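Q: What follows is a single structure, and I will ask about it in a moment.
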Amino acid sequence: MVDADQTFVIVGGGLTGAKAAETLRAEGFTGRVILIGDEREHPYERPPLSKGYLLGKDARESVFVHEPAWYARNDVELHLGQTVDAIDRVARTVRFGDDGTLAHYDRLLLATGAEPRRLDVPGTDLAGVHHLRRLAHAERLKGVLAALGRDNGHLVIAGGGWIGLEVAAAAREYGAEVTVVEPEPTPLHGVLGPELGALFADLHREHGVRFHFGARLTEIVGQDGMVLAARTDDGEEHPAHDVLAAIGAAPRTALAEAAGLEIADRAHGGGVAVDASLRTSDPHVYAAGDVASFPHGLFDTRLRVEHWANALNGGPAAARAMLGRTVSYDRVPYFFSDQYDLGMEYSGWAPPGTYDEVVIRGDAGKREFIAFWVKEGRVLAGMNVNVWDVTEPIQKLIASGTAVDTEALADPHVPLETLAG
């Protein structure tokens, strides 16, 4: 039974934590809410950091989840620029890392997110080596891209995933020269597979991006603290004034591990293991967002999802569970990307090896189509490219779990709504 004497602590000041705090108040919780974030910024959303804000099209204020006054108005105790370095599960306290202050909790939500994976090569301490995860990173990178564009400078990007490609698109819009180094045979290979990865490679080549596939960075060469070139394991050397490491993110599980909470294995993305209600191995502790590994019945596996929609929906789901509501977190994963004049939305989960075929509805040559990843007639995932207002029927197709006629799936004249059964 939740009452006004209880204290709920949220560790993590991103979208997940902010939406959890919002939901607690919206659901009528009148107890104490403490939100702790290790950045000095108010909670903000991350997609603009590699999209509109990086391009200078979105104002800085637009990235924040709530206006600053919202937290005091809703009696949310906000601790910015503070870390938590220990959880005492017996005493139910968290310890602040700066001064050792203890805060009691009745329920605890871990929304610690993920952090960029670091390049383990010589030269990463040079001034021109960047990551993109935080608002401060985006602010710095925006200035870097503008300078590279003015001076015909070169940016080398290690990694051809979503962040790497979105930054490549932004850099080309600024006028910078761009080379993407990627160990797989196409960009986005681990997400979209070779069929659709090749389409994104062609898109970027048309805009002047150079790709170096089948290779990894082995050294960043510099002089007087500045980047001069990037070398790869096949002996190539690429001119570079700046390097972006975009080789993925790792869940921030150190706090949970030290507290003895169960951690999912690497085969399932690591992360803090939770049940369908986002509860950890400790019934008083929950986890959501990038850091959580949750069982998804639709795909019969554990998933750890690093996308905006998971933070947006996972925080509220965890908040409701903390309040004792019945929760089964089984939303179909969703994300979106904007690159040049291409906009896309992806729903589902279908890494290489999990599907039999890719069915195309529309004109892939014109980049106006929907792609479906299908196994034994069942739609596992769908991606709409420059085709809009179809996410709901795509997600219903995936959630239905029923086999569909692939010829009808490929036919633009057959309404998607009629295929879900």
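The values are calculated or read from the model by the stated rules, or taken from the named source; none is laboratory data. A quick note: this is a predicted structure, and the numbers were derived from the prediction, not measured. Quick reminder, even Gly has a Cβ in these numbers, built from the backbone with ideal geometry, and neighbours come from all protein chains shown. Ligands, DNA and RNA are excluded from the accessible area calculation, which covers all protein heavy atoms including side chains. Shrake-Rupley method; radii C 1.70, N 1.55, O 1.52, S 1.80 Å.
Q: With respect to Ile157, determine if the residue is assigned to a helix (DSSP H, G or I) and buried (at least 20 other Cβ atoms within 10 Å of the Cβ).
A: no
Q: Let me ask something else. Just to check your reading of the model, which residue among Tyr340, Tyr334 is buried (at least 18 other Cβ atoms within 10 Å of the Cβ), of a type in the set (Ser, Thr, Tyr) and either closer than 22 Å to Glu206 by Cβ or in contact (Cβ under 8 Å) with a residue 60 or more places away in the chain (or both)?
A: Just one listed residue meets the conditions, Tyr334.
Q: Taking the options His137, His130, name whichever one is within 25 Å of Ile220 (Cα to Cα), open to solvent by 50 Å² or more (accessible area, probe 1.4 Å) and at pLDDT 95 or above.
A: One residue alone meets the criteria, His137.
Q: If I ask for residues that are closer than 18 Å to Gly297 by Cβ, open to solvent by 40 Å² or more (accessible area, probe 1.4 Å) and either modelled with pLDDT of 95 or more or in a helix (DSSP H, G or I) (or both), which ones from the range 387-410 would you list?
A: Selection gives Gln395, Lys396, Ala399, Ser400.
Q: Select, from Glu236, Glu184, Glu166, Glu206, the only residue that is closer than 20 Å to Lys51 by Cβ, open to solvent by 60 Å² or more (accessible area, probe 1.4 Å) and not aromatic (Phe, Trp, Tyr).
A: The unique qualifying residue is Glu206.
Q: Can you tell me which residues in the range 57-77 are crowded, with 19+ Cβ neighbours inside 10 Å and within 18 Å of Arg140 (Cβ to Cβ)?
A: Hit for the range 57-77 is Val63, nothing else.
Q: Here are Arg40, Arg92: which of them is touching a strand residue (DSSP E or B) at 6+ places or on another chain (Cβ under 7 Å) and more than 30 Å from Glu166 (Cα to Cα)?
A: Testing whether each residue is touching a strand residue (DSSP E or B) at 6+ places or on another chain (Cβ under 7 Å) and more than 30 Å from Glu166 (Cα to Cα) leaves just Arg92.
Q: Then there is this: Would you point out which residue out of Leu54, Leu15, Leu80 is in contact with an Asp or Glu (Cβ under 9 Å, 6 or more places away or on another chain), open to solvent by 10 Å² or more (accessible area, probe 1.4 Å), under 30 Å from Leu342 (Cα atoms) and among the hydrophobic types (A, V, I, L, M, F, W, C)?
A: Just one listed residue meets the conditions, Leu15.
Q: Only one of Glu27, Glu45, Glu41 is open to solvent by 40 Å² or more (accessible area, probe 1.4 Å), touching a helix residue (DSSP H, G or I) at 6+ places or on another chain (Cβ under 7 Å), within 21 Å of Phe336 (Cα to Cα) and modelled with pLDDT of 95 or more. Can you tell me which?
A: Criteria check complete, one pass: Glu45.
Q: Look through the range 277-300, keep the residues that are part of a loop (DSSP other than H, G, I, E, B) and over 20 Å from Phe8 (Cβ atoms), and return whichever of them is modelled with the highest pLDDT.
A: Ranking the candidates gives Phe299 first.
Q: Of the residues that make up the range 315-324, is at least one open to solvent by less than 10 Å² (accessible area, probe 1.4 Å), of a type outside the set (Gly, Ala, Ser) and within 21 Å of Pro194 (Cβ to Cβ)?
A: Within the range 315-324, none of the residues are open to solvent by less than 10 Å² (accessible area, probe 1.4 Å), of a type outside the set (Gly, Ala, Ser) and within 21 Å of Pro194 (Cβ to Cβ).
Q: For the range 100-127, enumerate the residues that are out of contact with any strand residue (DSSP E or B) (no Cβ under 7 Å at 6 or more places or on another chain), under 18 Å from Val221 (Cα atoms) and open to solvent by less than 20 Å² (accessible area, probe 1.4 Å).
A: none
Q: Given (1) within 28 Å of the chain's Cα centre (by Cα); (2) outside any strand (DSSP E or B); (3) of a type outside the set (Ser, Thr, Tyr); (4) surrounded by 14 or more Cβ atoms within 10 Å (Cβ to Cβ), where does Val374 come up short, assuming only one miss?
A: Status for Val374: all satisfied but (2).
Q: Would you be able to tell me the number of residues in the range 183-195 that are under 19 Å from the mean Cα position of the chain (by Cα) and not aliphatic (A, V, I, L, M)?
A: Adding up the residues that qualify gives 4.
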